[in-house]
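Presented below is the structure to which this report refers.
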Amino acid sequence: MLTSIRNLSLKKKSELVDKMAKKTKKTKPSSKKYALYESSGSELKRKNKFCPKCGDGVFLAKHKDRLSCGKCQYTEFMTKDKKE
Ligand SMILES: [Zn+2]
């Protein structure tokens, strides 16, 4: 009986370890900042707006109805009549 309980706990433990291992394996997707730039010839185009608080280099993340900065939480609401 004792061994079976031990085995059970061991199994649970290994499952937990597995879960933790899976979690730690998940790597954060690198920010694709290069995707927000578009170069045509010598000109460099930026697809998103920059954050007015953080300055150039910090893009505003596009949402359904707003733009937001992930750095300073600045949020800019988009007007409905303007659609890209
Ligand atoms: Zn910002």
Only residues that are in contact with a Phe, Trp or Tyr (Cβ under 8 Å, 6 or more places away or on another chain) and surrounded by 14 or more Cβ atoms within 10 Å (Cβ to Cβ): list them for the stretch 51-66, please. Cys51, Cys54, Val58, Phe59, Leu60
For the stretch 18-35, how many residues are modelled with pLDDT under 75 and hydrophobic (A, V, I, L, M, F, W, C)? 2
Do the conditions hold for Glu38, that is, is it at pLDDT 85 or above, loosely packed, with under 12 Cβ neighbours inside 10 Å and in contact with a Lys or Arg (Cβ under 7 Å, 6 or more places away or on another chain)? yes
Given the stretch 25-84, what strands (runs of 3 or more DSSP E) lie entirely inside it while holding 2 or more residues that are acidic (Asp, Glu) and within 16 Å of the ligand (Cβ to nearest atom)? none
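The values are calculated or read from the model by the stated rules, or taken from the named source; none is laboratory data. Worth saying up front: this structure is predicted, and the values here are computed from it rather than measured. Cβ coordinates were reconstructed from backbone atoms using ideal geometry, including for glycine residues, and neighbour counts include every protein chain displayed.
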